[in-house]
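First up is the structure itself, then whatever we jot down about it.
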Amino acid sequence: MRYLVGAVSRPQGRDRVFPAWTWIVGFWVGAAVGSFLNVVIYRLPRGLSINEPKHSFCPSCKHRLGLPDLIPLLSWAFLRGKCRHCKAKVSSRYFIVELINASIWAVIWYQIFVLKSDPLLPGHLSFGEAAAYGIAYALFASALVAAIFTDLAHYIIPDQVNAFMLFVGLGLNAALIWMGSPEAWLWGIPNSVAGALVGWGVLWGIAFLGRIAFRKDAMGHGDIKMARGIGAVLLPVMALMSFAVAVVLGAVFGVVTAIVRSRKAAKEPESEIMGEHYEPESIGSLLKCGLGYLLCIDVVGLLFTRLYESWFGENPYAVEEFEEEPVVELTMIPFGPYLAAGALVALLANDWLMGLWNAYATNVGLQKP
């Protein structure tokens, strides 16, 4: 949908919910949330509590950080990427995460609170609907950012992050039901449940069929659980579009990554790049785990660890030793970051992608003009 906002003559008393300039508020709130995401990205893979210690600390000297160290974006820039106490280098990832999350929140704020809340535009959102969508989409996007950087660094997506995405979708659905929105239902069930089923079904189906056809693991379990959360928020059609975008991104960047790694490996001794003997997951385990994800046992198991252990055979909070900069095999390219990036594209370009879908569905006769 095109928004020709500037050309509209605005009658008295018909202002938008928020003026256009307030995207700046969304930007800085997003930057602050991005600072918290850096805590999540650092602590969860290491089995550290997000709440304890309550204060942030330098990863190198463990010194407690004060206000001058914690101003989003500005602290890292003014301190030139170094700890104020021990002068150790602070990864640029901290600044990048804050900037990306801030930019995403600014776009979501502008799209929902400025454009889609405009009372002069057809199909505009009420204040309650705008608040529900704005909060849910912003939180969901932040979870995706955390998943991307955690997976890139450690090849894992914490269960807590995937469960959070699912709860965001269910929470948005509950809010829409409470407001009496007809969009809260799909196929006679809550739309978030329908989306979660589609997301789970597609990714687990790929994992299962790939395991049978190629006798290799075709999809990580974290990706399956994340797809369930993506479906719960984006709903079936947009979730499927996000998966398509993820495949395209994975194909393009995966080829580039493989080429770069192969050139690097050519300069290294063969003994340094040989991996251990690889054993794919058994079909029985894949079936049992898939049923567990369908029933959300992994989510409930975060509260009841014995249930998680009895079903999946491991503790959800167990932490494996890992290198800060792991050496990976040439073919080890995680799909999770592309899956999350595809969801972000679908979230931020929702109207454009839906326009493409509606045009296609009309041309092939799936829907009436």
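Only the coordinates and a few stated rules stand behind these numbers; no lab work does. Keep in mind the model is a prediction, meaning the values are calculated, not measured. Cβ sites come from the backbone with ideal geometry, for glycine too, and all protein chains shown count toward neighbours.
Rg to Rh for the range 16-124: what is it, with Cα atoms only and Rh by Kirkwood? Working shown, then result.
Numbers: Rg = 17.2 Å, Rh = 15.4 Å.
That ratio equals 1.11.
Along the charge dipole of the chain, Cβ charges K/R +1 and D/E -1, which of Leu353, Gly188, Val255 sits furthest on the positive end?
Leu353
For the chain, set up a GNM with springs between Cα atoms under 10 Å and report which of Trp187, Trp23, Trp178 has the largest fluctuation.
Highest fluctuation among the options: Trp187.
Take the Cα gyration tensor of the chain, multiply each eigenvalue by 5, square-root it, and list the three semi-axes largest first, rounded to whole angstrom. Could you put the intermediate results ahead of the total?
On the way: eigenvalues 241, 166, 86 Å².
Whole-Å semi-axes of the equivalent ellipsoid: 35, 29, 21.
Running a GNM on the chain with Cα contacts under 10 Å, which residue among Ala147, Ala359, Ala130 ends up with the highest mean-square fluctuation?
Ala359
Considering the chain as a Gaussian network with a 10 Å cut-off on Cα pairs, which listed residue, Met241, Met165, Met179, attains the greatest mean-square fluctuation?
Of Met241, Met165, Met179, the Gaussian network model singles out Met179 as fluctuating most.
Run the numbers on the range 16-124 and let me know its relative contact order in percent, using alpha-carbon pairs under 8 Å that are six or more apart. Intermediate values should be presented prior to the final figure.
On the way: 123 pairs, mean separation 49.5, N = 109.
Value for the range 16-124: 45 percent.
Where nothing but the Cβ of Lys and Arg (+1) and of Asp and Glu (-1) is charged, how large is the charge dipole of the range 16-124 around its Cα centre, in debye to the nearest 20?
Details: 13 positive and 4 negative charges, 119 e Å.
With only Lys, Arg, Asp and Glu charged at Cβ, the dipole is about 580 debye.
Give me His221, His85 sorted ascending by neighbouring Cβ count inside 10 Å, so fewest comes first. Display every interim value, and only then the final one.
On the way: His221 24, His85 16.
Going from least to most buried by this count: His85, His221.
So if I place +1 on the C-beta of Lys and Arg and -1 on the C-beta of Asp and Glu, and nothing else carries charge, what would the dipole magnitude of the chain be about its Cα centre? I want it in debye, nearest 20. Write down the numbers at each step before the final one.
On the way: 28 positive and 27 negative charges, 213 e Å.
I would put it at about 1020 debye.
Given 0.36 nm per residue, what is the gain on full extension from Leu65 to Cys86 after removing their alpha carbon distance, in nm?
Contour length minus the Cα-Cα distance gives 6.4 nm.
What does the net charge come to around Val237 if you take all other residues with beta carbon closer than 15 Å to its beta carbon, with K and R at +1 and D and E at -1?
Working: positive: none; negative: Glu183, Asp351.
Neighbour charge sum, excluding Val237 itself: -2.
Which whole-number percent gives the relative contact order of the chain, counting Cα pairs below 8 Å spaced six or more residues apart? Please report the intermediate quantities before stating the final value.
Details: 464 pairs, mean separation 65.0, N = 369.
Averaging sequence separation for qualifying contacts and normalising by length gives 18 percent for the chain.
May I ask for the longest run of the chain untouched by GluC sites (Glu not before Pro) that are loop-located per DSSP and have at most 14 neighbouring C-beta atoms (other than their own) within 10 Å? Mind showing how you got there, number by number?
Working: sites that count: Glu276, Glu281, Glu314, Glu320, Glu321, Glu323, Glu324, Glu329.
Longest run free of exposed loop sites: 1-275.
Taking the Cα centre as origin and putting +1 on Lys and Arg beta-carbons and -1 on Asp and Glu beta-carbons, what dipole magnitude results for the range 160-244, to the nearest 20 debye? Each step should come with its number before you reach the end.
Working: 5 positive and 3 negative charges, 66 e Å.
In total the dipole reaches around 320 debye.
Where in the chain are the helices, taken as whole DSSP H runs, whose Cα atoms extend 27 angstrom or more along the long axis and whose Kyte-Doolittle mean reaches at least -0.5?
Working: long enough: 23-43 (30 Å, 1.42); 127-154 (40 Å, 1.28); 159-178 (28 Å, 1.27); 191-214 (34 Å, 1.38); 221-265 (41 Å, 1.30).
Result, helices passing both filters: 23-43, 127-154, 159-178, 191-214, 221-265.
Cross-chain or 8 or more residues apart, Cα under 17 Å: how many lysine pairs in the range 45-193 fit that? Count them up, please.
Working: Lys54/Lys62; Lys62/Lys82; Lys62/Lys87; Lys62/Lys89.
The result is 4.
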